[in-house]
Amino acid sequence: MHSAITIVIPTLNRLELAKRALASAMAQTVPVEIILSDNGSTDGTNAYFSSLTVPKNIRYFHRDITIPVQDHGAFLRERVMTEWVVFLSDDDELEPTFAEQCLHLIRERPNLTFTYTAAYLIYDGFQRPGKFGPRFEKSADFLMNFMRGQRNICMCATVFRIADLHAIPSQPADRFIGDMYYWVRLLSNGGEVGCVGQYLSHYHFYRPTVSNETGRMNIEQWHAESRELADIMTATILNDPTKATDEDKVRALAAQFVAMSTILQTVWNALRNVPRISLLGAMTRLAPSLCSGVESTIYFTLYGTATIILPLPILRRALLWHVRRMTRKEALKSV
């Protein structure tokens, strides 16, 4: 059987994590191609991987100078030689049957816009089962459920057709929400999403000791990008000729999605030690937009207050308490 999926692993100064990501890619139960690309590490990553004798299905790249993540992504897309690709962050892992199960679904329905698997969302070691949809779902339905918070889609759990990614203009330097930049635009053309209803990917949402550029992203920039993405999702839903959709309700849902997403981003900023005075200023300027409904107003009040006044250790514990509580609540609902 020839490889049909490439697993792309970009890395930067996280050698031990990159080893784990690579091991999970190498453990796949079907043949895959693997690209490991070091974006200018200074922690011995290049010395380590350059010294290895690797199988023929692994290609290793090293850059002497670190380039922006957007440029690194464009560099890697150009080097994919299979029809399908998954981008695996160096701090995430795949289960051994990930590629095999995704290929089963793709062969069943080859014209899928993309395929994703259920994923565990990991918060400082606590593993929360992510939400996923049916085996096949129309783009408009997927987007509605995503904005409702009923779908968790992670880049490390999503398989794209590389030709479709090439058809989208590369992520600009002033756009930082990279995964949504691509999959939202792919779905804007309609089509169907495939889902493997098994937990085959591990997405590390938050680790105190591991840096995350998205987690530090400026709140107002995040809000602007989220609005742009929500506008694309809204247009896609409203343009679906098979759905009789209440436009006011869709726009209200989109506003709520942007508000909730931005409020949560303030928490990640605080956990990444962004100065609280800076967060307070951004939240004050965005308050009219973030209080778009009853739910977001409550979240804005609770999360905003906690983000500004709680010391970092207590904020971390509060986050984990909330995640555990929500996980138990969802588990009880499913019984």
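The values are calculated or read from the model by the stated rules, or taken from the named source; none is laboratory data. Quick caveat, the model's predicted, so the values are computed rather than measured. As a convention, Cβ positions derive from the backbone with ideal geometry for all residues, glycine included, and neighbour counts pool all protein chains shown.
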Just for segment 266-295: of the residues that are modelled with pLDDT of 90 or more and among the polar types (S, T, N, Q), which one is surrounded by the most Cβ atoms within 10 Å (Cβ to Cβ)? Thr266
Residue hits (segment 84-112; surrounded by 16 or more Cβ atoms within 10 Å (Cβ to Cβ) and charged (D, E, K, R)) are Asp90, Asp91, Asp92, Glu93, Glu95, Glu100
If you check Val196 against the conditions, is it in the same structural domain as Ala157 (by TED's automatic domain parsing), touching a residue at least 60 places away in the same chain (Cβ under 8 Å), of a type in the set (Val, Ile, Thr) and farther than 23 Å from Thr301 by Cβ? yes
Considering Val8, Val85, Val80, which residue is within 17 Å of Ile162 (Cβ to Cβ), in a loop (DSSP other than H, G, I, E, B) and hydrophobic (A, V, I, L, M, F, W, C)? Val80
Applying the selection to segment 216-244, what residues are charged (D, E, K, R) and within 21 Å of Tyr303 (Cβ to Cβ)? Arg216, Glu220, Glu225, Arg227
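Scan Ala99, Ala74, Ala23 and give me the residue that is outside any loop (DSSP other than H, G, I, E, B) and more than 20 Å from the chain's Cα centre (by Cα). Walk me through it before giving the result.
Working: Ala99 fails: more than 20 Å from the chain's Cα centre (by Cα); Ala74 fails: more than 20 Å from the chain's Cα centre (by Cα).
Answer to the check: Ala23.
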Pairs with Cβ under 6 Å, 6+ apart, first in segment 306-335 and outside the structural domain of Phe132 (by TED's automatic domain parsing) and in a loop (DSSP other than H, G, I, E, B), second loosely packed, with under 15 Cβ neighbours inside 10 Å and aromatic (Phe, Trp, Tyr): none
Over segment 38-57, the set of residues surrounded by fewer than 21 Cβ atoms within 10 Å (Cβ to Cβ) and closer than 22 Å to Thr158 by Cβ is Asn57
